[in-house]
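The next block holds one structure in the form of structure tokens; read it before the comments.
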Amino acid sequence: MSANPELEDFRKRTDALSRHKILRKFIRGDMVELGRLSLEDISDLDGEEQGRYFLQAAAELNRTSLKAAAKTPEAKIVQPRLRRAFAIKSTCRSAYPSLRQPRRP
């Protein structure tokens, strides 16, 4: 048993996230191919606590900046229930430009 129960809980949640029904399809080794997630997938993940924190970290957003990003004119072109997902995916692509382009052989 770990001396730190919070750390043990974090490890369990991380392991559960790596086996998540949506994410496991996009995990290649130690990489998660976030660019391949659909808005629906992101929205579903965002609806779960560990998924929400994972996505916010990947997009380098906090709750306030995510709310602001979901209110931009670009985000308003998608359905209201998918605006947070759009903001996350758009921000991930800006932070990681390689998500925009396919890998070169």
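The values are calculated or read from the model by the stated rules, or taken from the named source; none is laboratory data. Remember, predicted model here, so these are calculated numbers, not experimental data. Don't worry about glycine lacking a Cβ; one is built from the backbone with ideal geometry, like all the others, and counts go over all protein chains shown.
Starting from residues that are of a type in the set (Lys, Arg) and within 17 Å of CYS92 (Cα to Cα), keep the ones in the stretch 14-52 and report whichever is modelled with the highest pLDDT. Full working, then the answer.
Just the residues of the stretch 14-52 that are of a type in the set (Lys, Arg), to begin with: 19, 21, 24-25, 28, 36, 52.
Restricting the remaining residues to those that are within 17 Å of CYS92 (Cα to Cα) gives 36, 52.
On the way: ARG36: 86, ARG52: 90.
Among them, the one singled out is ARG52.
So, in the stretch 1-37, exactly how many residues are within 15 Å of ALA58 (Cβ to Cβ) and either in contact with a strand residue (DSSP E or B) (Cβ under 7 Å, 6 or more places away or on another chain) or not basic (Lys, Arg) (or both)?
Count: 15.
Mind counting the residues in the stretch 33-56 that are farther than 26 Å from ILE77 by Cβ and either among the hydrophobic types (A, V, I, L, M, F, W, C) or assigned to a loop (DSSP other than H, G, I, E, B) (or both)?
Restricting attention to the stretch 33-56, the residues satisfying the condition of being farther than 26 Å from ILE77 by Cβ are 49-50, 53.
Of the ones still in play, those that are also either among the hydrophobic types (A, V, I, L, M, F, W, C) or assigned to a loop (DSSP other than H, G, I, E, B) (or both) are none.
Number of matching residues: 0.
Residues GLU40, GLU8: which one is surrounded by 11 or more Cβ atoms within 10 Å (Cβ to Cβ), without any contact (Cβ under 8 Å) to a residue 24 or more places away in the chain and not aromatic (Phe, Trp, Tyr)?
Working: GLU40 fails: without any contact (Cβ under 8 Å) to a residue 24 or more places away in the chain.
Only one candidate passes the filter, namely GLU8.
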